[in-house]
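A short worksheet on the structure shown next.
The values are calculated or read from the model by the stated rules, or taken from the named source; none is laboratory data. No experiment lies behind these values; they were computed from the predicted model shown. FYI the Cβ positions are ideal-geometry reconstructions off the backbone, even for glycines, and counts take in every protein chain you see.
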Amino acid sequence: MKKIIIFSLLMSVGFASCKKDPGNPSLTVTVSYPTITLTGAQYYSIAVGGNLPSIAATAYDSFYRESDAVVMDLSSLDASTPGLYAVTASATNKYGFVGNKTVYVGVTNEPSTFDISGTYIRLATAGCVAHVTKVATGMFLTDNVGGVDITVPSTGAAVPAVFVVTSDSTIDFGTQLTNAGTLSASSESLTLVAGGGTGTTLAYAISLSGFGTSVRTFVKQ
């Protein structure tokens with residue numbers, strides 16, 4: 001399953017240049033973005049058909065020393081459909097500069113005890129390790145979605161990505177912005193062994209610049 005979601009990185013960039021104030025072209029202002037701080041978690045999980053989470057955050061522009069209102073865009077969430085969704089929290093300062101941060105919401109019926117976290121080895125390249133960590137019910141973070149060999153500089157850097165388990169045989173990465181660009185996936189599958197133990201297999205093909213289109217298979221050690 002694939003969904004179009006918006007994944008925006010936290011723009012905690014400090015002021016770096018000047019720009020004309022659109023409301024007053026004769027005034028030059030310093031570029032500065034509000035920094036958003038979540039007052040709760042960054043990862044949420046709800047059951048299919050469940051209530052959408054209450055997500056709270058604050059925003060502060062350290063250069064202009066002002067707090068800004070945070071707008072939480074929940075429009076992409078569909079609680080009736082299993083999958084990974086991203087909610088964008090955004091804040092705009094008085095000069096129109098926008099800071100934002102992403103909150104992940106997984107819609108899944110997996111029980112709270114479900115866990116496939118652990119160390120995974122990519123089958124095609126036995127030395128390539130990915131560590132999968134549980135971040136919410138049915139939701140996991142892999143620190144090396146491409147399964148690259150980080151000990152060999154020419155293979156590139158490891159790319160973290162989030163996915164949600166949507167059934168006992170499927171996972172969903174959605175579409176998300178990573179440190180290597182926009183990532184989406186296809187042929188996403190899960191093969192469970194002994195409730196998520198050794199031998200559990202993750203497989204998917206990722207669409208990400210420089211990573212090719214082949215299915216990547218990872219087996220839990």
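Quick look at the numbers
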| quantity | calculated |
| --- | --- |
| LYS134, sole failed condition from (1) of a type in the set (Lys, Arg); (2) part of a loop (DSSP other than H, G, I, E, B); (3) not assigned by TED's automatic domain parsing to the domain that holds THR35 | (2) |
| Residue in region 9-32 that is modelled with pLDDT of 90 or more and assigned to a strand (DSSP E or B) present | no |
| Failed item in (1) touching a Lys or Arg at 6+ places or on another chain (Cβ under 9 Å); (2) closer than 23 Å to TYR85 by Cα; (3) not basic (Lys, Arg), with THR191 passing the rest | (1) |
| Flag for ALA91 being closer than 13 Å to THR35 by Cβ, in contact (Cβ under 8 Å) with a residue 24 or more places away in the chain and not in a loop (DSSP other than H, G, I, E, B) | yes |
| Failed item in (1) in a loop (DSSP other than H, G, I, E, B); (2) surrounded by fewer than 17 Cβ atoms within 10 Å (Cβ to Cβ), with ILE55 passing the rest | (2) |
| Positions within region 140-194 being on the phi > 0 side of the Ramachandran plot, in contact (Cβ under 8 Å) with a residue 40 or more places away in the chain and surrounded by fewer than 17 Cβ atoms within 10 Å (Cβ to Cβ), in sequence order | GLY156 |
| Within region 111-167, tally of residues that are under 14 Å from ALA203 (Cα atoms) and among the basic types (Lys, Arg) | 1 |
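This table checks each residue for (1) at pLDDT below 95; (2) in a strand (DSSP E or B); (3) not basic (Lys, Arg).
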| site | (1), (2), (3) |
| --- | --- |
| ALA158 | yes, no, yes |
| VAL162 | no, yes, yes |
| VAL165 | no, yes, yes |
| LEU177 | yes, yes, yes |
| THR182 | yes, yes, yes |
| SER186 | no, yes, yes |
| THR198 | no, no, yes |
| ALA203 | no, yes, yes |
| VAL219 | no, yes, yes |
